[in-house]
Amino acid sequence: MFNALVMSQDDEGTASPEVKSLALSDLPEAEVTVAVEYSTVNYKDGLCLSPKGGGLVRKYPHVPGIDFAGTVEESSDDRYKPGDKVVLTGWRVGEAHWGGYAQKARVKADWLVPLPEGLSTSQAMAVGTAGFTAMLAVMALEDHGLKTGHGPVLVTGAAGGVGSVATAILANLGHEVAAVTGRPETADYLRSLGATQIVPREDLAETTKRPLESETWAGCVDAVGGAMLARVLGQMKYGASVAAVGLAGGAALPATVVPFLLRGVNLLGIDSVMQPYDNRVRAWQRIAKDLPMDKLDAMVQPATLSDLPKLGADILKGQVKGRVVVDVN
Ligand code: NDP
């Protein structure tokens, strides 16, 4: 038997979470059984923990948790054997498949990545989907020409999970980082991660009729989307790129094509869920090399399975700072 946070639906179709004891035979069929050590809380986890499942959860009872790290217990796939340390992010685990808010998980071997050298299972979950995606965004900006010395790189939603990790990685790589936040009280925290400039959210929240403003940013990791992304496009330097990661501020994009046509600005889409294996391994290796562990430690708040309902609601309100590490045991 093992503990799991299970979402169950009532007669009205409203789901609620409860920590329950499950048997191994309750787990779905798949090749690899993992003893989960840590999970985390991403924005998507907030949606999966909500009463309607955020449109992501199809079937109840359901075990959420889009990320986990732990040790292989049983494997019918040659790539993994008992004792191997593994990480999982994406592949709709925690949404369409049972996820990491449990002491055991059973998943396809294709979805796992060996724990990168230099990271513990707890540090891997301090990174989680949010940090992994931040790394993918930085890699995409680099692949499109971002170099140090080009000017400040903007990070939106900076005090959140994606934003915190992006800030720490970019600063460690030697970039000037301008951190956009709606929480002025996080300024010291953002500076401690390496931000050199704090941009109040209001400065970028209002839409403008001008499709182009002065050329300010050499790159951008955008976790917010919506009107803020539209505004930022018009402030990019000639030929610079924006990595579009999130929609914390909205899914609409009230923009013009003018920055693309007159300044050669690039809008790069970042998806972490279906990312191919080789690029996953590359991103995790870059995380182990380019994300300073003392900065990562400073982002973390610890939690347990029973804290998750509150944390899920908090992250949807933009009230979680940095990264949560959930000790499922
Ligand atoms: P967090 O909640 O930790 O961070 C989001 C941050 O955005 C908040 O902390 C807040 O930062 C800011 N924010 C929240 N609401 C608003 C608003 N209305 N207007 C402007 N800013 C706002 O979430 P995550 O970091 O886990 O995820 C961020 C986004 O990235 C989400 O939309 C998520 O779905 C998406 N995502 C996408 C992935 C992909 O594969 N493309 C993978 C992972 C995440 P502050 O307080 O500093 O202003």
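Every number here is computed from the coordinates shown, using simple stated rules; none is lab data. Predicted, not measured: the structure shown is a model, and the values here were computed from it. Neighbour counts are summed over all protein chains in view; Cβ atoms, including those assigned to glycine, are modelled from backbone coordinates with ideal geometry.
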| remark: Length-normalised contact order of the chain, Cα under 8 Å, at least 6 apart, in percent, tallies to 19
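Apply 1/(1 + (r/R0)^6) to the Cβ-Cβ distance of ASN279 and ALA187, taking R0 = 30 Å, and write down the FRET efficiency to the nearest 0.05.
Numbers: r = 34 Å, r/R0 = 1.13.
Given R0 = 30 Å and the Cβ-Cβ separation, E is 0.35.
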| With the dipole of region 128-269 worked out from charges on the C-beta (+1 for Lys and Arg, -1 for Asp and Glu) around the Cα centre, which of GLY226, THR129, THR186 lies farthest toward the positive end? | GLY226
| field | Inverse of mean 1/r across different Cα pairs in region 197-329, Kirkwood, Å | value | 17.3
| field | Separation of the MET1 and SER120 label points, Cα + 7 Å toward Cβ, nm | value | 3.0
| request: Within the chain, what's the longest run with no GluC sites (Glu not before Pro) in a DSSP loop and at most 10 other beta-carbon atoms within 10 Å? Give the range, please. | output: 207-329
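Take the alpha-carbon positions of the chain, form their convex hull, and give its projected area averaged over all directions (one quarter of the hull surface) in nm².
On the way: hull surface 64.6 nm².
Taking a quarter of the hull surface, the average projection is 16.2 nm².
Using only alpha carbon positions, build the gyration tensor of region 128-269, then give the equivalent ellipsoid semi-axes as the square roots of 5 times its eigenvalues, largest first, whole angstrom.
Over the Cα atoms of region 128-269, the ellipsoid semi-axes are 21, 17, 14 Å.
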| message | Kirkwood hydrodynamic radius, computed over distinct alpha-carbon pairs, for region 1-123: how many Å, to one decimal? | response | 14.4
| message | Give me the dipole magnitude in Debye, nearest 20, for region 128-269 about the Cα centre, with unit charges on the beta carbon: positive for Lys and Arg, negative for Asp and Glu. | response | 200
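Would you work out the relative contact order for region 224-329, in percent, from Cα pairs under 8 angstrom that are 6 or more residues apart? Show your work: numbers first, answer last.
Details: 106 pairs, mean separation 23.9, N = 106.
Here the relative contact order equals 23 percent.
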| field | Efficiency of FRET between SER306 and ALA35 - r from beta-carbon atoms, R0 35 angstrom, step 0.05 | value | 0.95
| task | Rounded to the nearest 500, what is the 222 nm mean residue ellipticity of the chain from helices alone, with -39500 (n - 2.57) per DSSP H run of 4+ residues and division by all residues? | result | -8500 deg cm²/dmol
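What full-extension length gain, to one decimal in nm, is calculated for THR71 and ALA252 as 0.36 nm per residue of separation minus the Cα-Cα distance?
Values: separation 181, 0.36 × 181 = 65.16 nm, distance 4.07 nm.
Answer, rounded to one decimal: 61.1 nm.
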| field | Between helix 121-143 and the chain: long-axis angle, C-alpha atoms, 0 to 90°, nearest 10 | value | 30
| field | ³J(HN,Hα), Karplus 6.51/-1.76/1.60, whole Hz, each residue of region 307-319, x for Gly, Pro | value | 7, 5, x, 5, 5, x, 5, 4, 5, 5, 8, x, 9
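If each residue of separation counts as 0.36 nm, what is the full-extension length gain between ASN172 and ASP10 once their alpha-carbon separation is subtracted?
Separation in residues times 0.36 nm, less the Cα-Cα distance, equals 53.5 nm.
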| message | Explain nothing, just compute: Karplus ³J(HN,Hα) = 6.51 cos²θ - 1.76 cosθ + 1.60, θ = phi - 60°, for every residue of region 197-209 in order, whole Hz, x for Gly and Pro. | response | 9, 10, 10, x, 3, 4, 4, 10, 7, 7, 6, 10, 7
| task | Please figure out what share of the DSSP beta bridges in the chain is antiparallel and state it in percent, rounded to the nearest 5. | result | 55
| note | Going residue by residue through region 221-236, the Karplus relation 6.51 cos²θ - 1.76 cosθ + 1.60 with θ = phi - 60° gives ³J(HN,Hα) values, rounded to whole Hz and with x marking Gly or Pro, of 9, 10, 9, 9, x, x, 4, 5, 4, 4, 5, 5, 4, x, 10, 6
| How high is the relative contact order of region 128-269, in percent, with contacts defined as C-alpha pairs under 8 Å that are six or more residues apart? | 23
| field | Unit charges at the beta carbon, dipole of the chain: most positive-side option, GLY249, CYS48, HIS97 | value | GLY249
| Degrees, to the nearest 10: 161-172 long Cα axis against longest axis of the chain | 60
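Mind checking region 1-67 for trypsin sites (Lys or Arg not before Pro) that DSSP puts in a loop (not H, G, I, E or B) and that have at most 14 other Cβ atoms within 10 Å? List each step's numbers first, then the result.
On the way: sites: LYS20, LYS44, LYS52, ARG58, LYS59; in loops: LYS52, ARG58, LYS59.
Taking region 1-67 and a limit of 14 other Cβ atoms within 10 Å, the loop trypsin sites (Lys or Arg not before Pro) found are LYS52, ARG58, LYS59.
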| request: Quick one: check the C-alpha center-to-center distance for region 9-84 versus region 229-270, whole angstrom. | output: 35
| note | Placing +1 on each Lys and Arg Cβ and -1 on each Asp and Glu Cβ in the chain, then taking the dipole about the Cα centre, the residue among VAL6, SER164, ILE66 whose Cα reaches farthest towards the positive end is SER164
